[in-house]
Amino acid sequence: MEELATEIRRLLGERNAILLSHNYQTLDIQAIADLRGDSLELARAASRTDAEVIVFAGVHFMAETASILNPEKTVLLPDANAGCPMADMITAQHVRAEREKHPRAAFVAYVNTTAEVKAESDICCTSANAVKVVETVDQGEVYMLPDKNLALYTARYTNKRVHYWDGFCIVHHSVTSKHVKEVKAWYPGALFIAHPECRPEVLDLADHVFSTSGMARFVAESDHDEFIIGTERGLMDRMAQDHPQKRFFLASPKLYCVNMKKITVEKIRDSLINLEPVVKVPEEVARRARAPIERMLEVV
Ligand code: SF4
């Protein structure tokens, strides 16, 4: 594994490439990445890099976002089948139809959407900035898509009227309040920190709600030493590695994203050697999708 990591670092140098890893990737990938972070941090990094090649250890919509922000660069997704089921729950046609029904609403697309869906939206958001983005738009009502749980969470912190698409993350939505109550009963001293993609009744049980990087920062700064984690286990594994003196418990065994885990170090190496699979958003779609992403990056 050490040899493979060294080979990947060498290839990254030769290709003038940067490796961006989402917080849900396996520890071996996070360890060799130039940057590990949440969707917002990775989008910012993708918008600023001087590298000629961006290797995305994440899922398809993240690589698309990097391609939209860097049309002249080569963006690689080491497994072309690493998709996001939530992003696939809404199409551009759906958005156009919902716009006709809600003409006064600003359409706020979670970054977990396809480029075509972003192209039909007014502004993007991530789980780290959703409330701030909604507060920033001029309209008194918003339509959030595709995650109903993120929309319902945001609605708790804004006076604006919030409409939403009935989509969800199959990983976070699988966690039930029953799971969490059981784990809380086993570890009564632990703080429960949850991701806003969880169901409202699960968030009601949380001591704090954060994006993935928000969780990592909170755990690093907290005096507490036991945490129940309500997000994908890749982040928990990293926090356990970073803080061996603290104890972490997963809120549910279902917090495992098979799509995120399709990326492996071997596939990253092969991708750098062959410079494929490439993710390239057609220019006409990229041009329209760029505006809502850049609007988000300007406000937060
Ligand atoms: S964790 Fe959920 S939102 Fe993230 S890639 Fe997996 S299915 Fe999509």
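The values are calculated or read from the model by the stated rules, or taken from the named source; none is laboratory data. The structure displayed is predicted, hence computed values, not measured ones. Backbone-built Cβ (ideal geometry, glycine too); neighbour counts: all protein chains shown.
Annotations for the structure displayed:
- Here segment 12-25 is the region considered, the condition is being touching a strand residue (DSSP E or B) at 6+ places or on another chain (Cβ under 9 Å) and closer than 14 Å to A82 by Cβ, and the residue that is nearest to the ligand (Cβ to nearest atom) is H22.
- Any hit, segment 158-174, residues being over 30 Å from V95 (Cβ atoms) and free of Cβ contacts under 8 Å to residues at least 40 places away in the same chain: no
- Pair list, Cβ < 8 Å and 6+ apart or interchain, from segment 252-273 residues that are within 24 Å of R9 (Cα to Cα) to residues that are among the small types (G, A, S) and assigned to a helix (DSSP H, G or I): M260/G234; K261/G234; V265/A5
- Selected residue (criterion: farthest from the ligand (Cβ to nearest atom)) from residues of segment 169-211 that are at pLDDT 95 or above and among the hydroxyl-bearing types (S, T, Y): Y187
- Number of residues in segment 188-205 that are more than 25 Å from P85 (Cα to Cα) and buried (at least 16 other Cβ atoms within 10 Å of the Cβ) equals 4.
- Failed item in (1) of a type in the set (S, T, N, Q); (2) touching a Cys at 6+ places or on another chain (Cβ under 6 Å); (3) under 18 Å from R233 (Cβ atoms), with N112 passing the rest: (3)
- Residue count for segment 122-166, restricted to those that are surrounded by fewer than 24 Cβ atoms within 10 Å (Cβ to Cβ) and among the small types (G, A, S): 3
- Number of residues in segment 214-243 that are away from the ligand (no atom under 14 Å from the Cβ), within 14 Å of Q30 (Cβ to Cβ) and in contact (Cβ under 8 Å) with a residue 12 or more places away in the chain: the value is 6.
- Of all residues in segment 29-39, those that are in contact with a Ser or Thr (Cβ under 6 Å, 6 or more places away or on another chain) and assigned to a loop (DSSP other than H, G, I, E, B) total 2.
- Residue satisfying all of: in segment 73-89; of a type in the set (G, A, S) and over 8 Å from N259 (Cβ atoms); surrounded by the most Cβ atoms within 10 Å (Cβ to Cβ) among these: A87
- Any hit, segment 158-165, residues being among the hydroxyl-bearing types (S, T, Y), out of contact with any strand residue (DSSP E or B) (no Cβ under 6 Å at 6 or more places or on another chain), assigned to a loop (DSSP other than H, G, I, E, B) and more than 16 Å from the ligand (Cβ to nearest atom): yes
- K246 being more than 16 Å from the ligand (Cβ to nearest atom) and assigned by TED's automatic domain parsing to the domain that holds E14: no
- Filter result for the condition that a residue is within 16 Å of the ligand (Cβ to nearest atom) and outside the structural domain of A185 (by TED's automatic domain parsing), over L272, L255: L255
- Only residues that are assigned to a helix (DSSP H, G or I) and touching a residue at least 40 places away in the same chain (Cβ under 8 Å) were counted across segment 128-146, and they come to 4.
- Taking segment 1-56 as the range and being among the β-branched types (V, I, T) and at pLDDT below 95 as the test, only T49 passes.
- Some residue of segment 100-112 being of a type outside the set (G, A, S) and farther than 30 Å from G140 by Cβ: no
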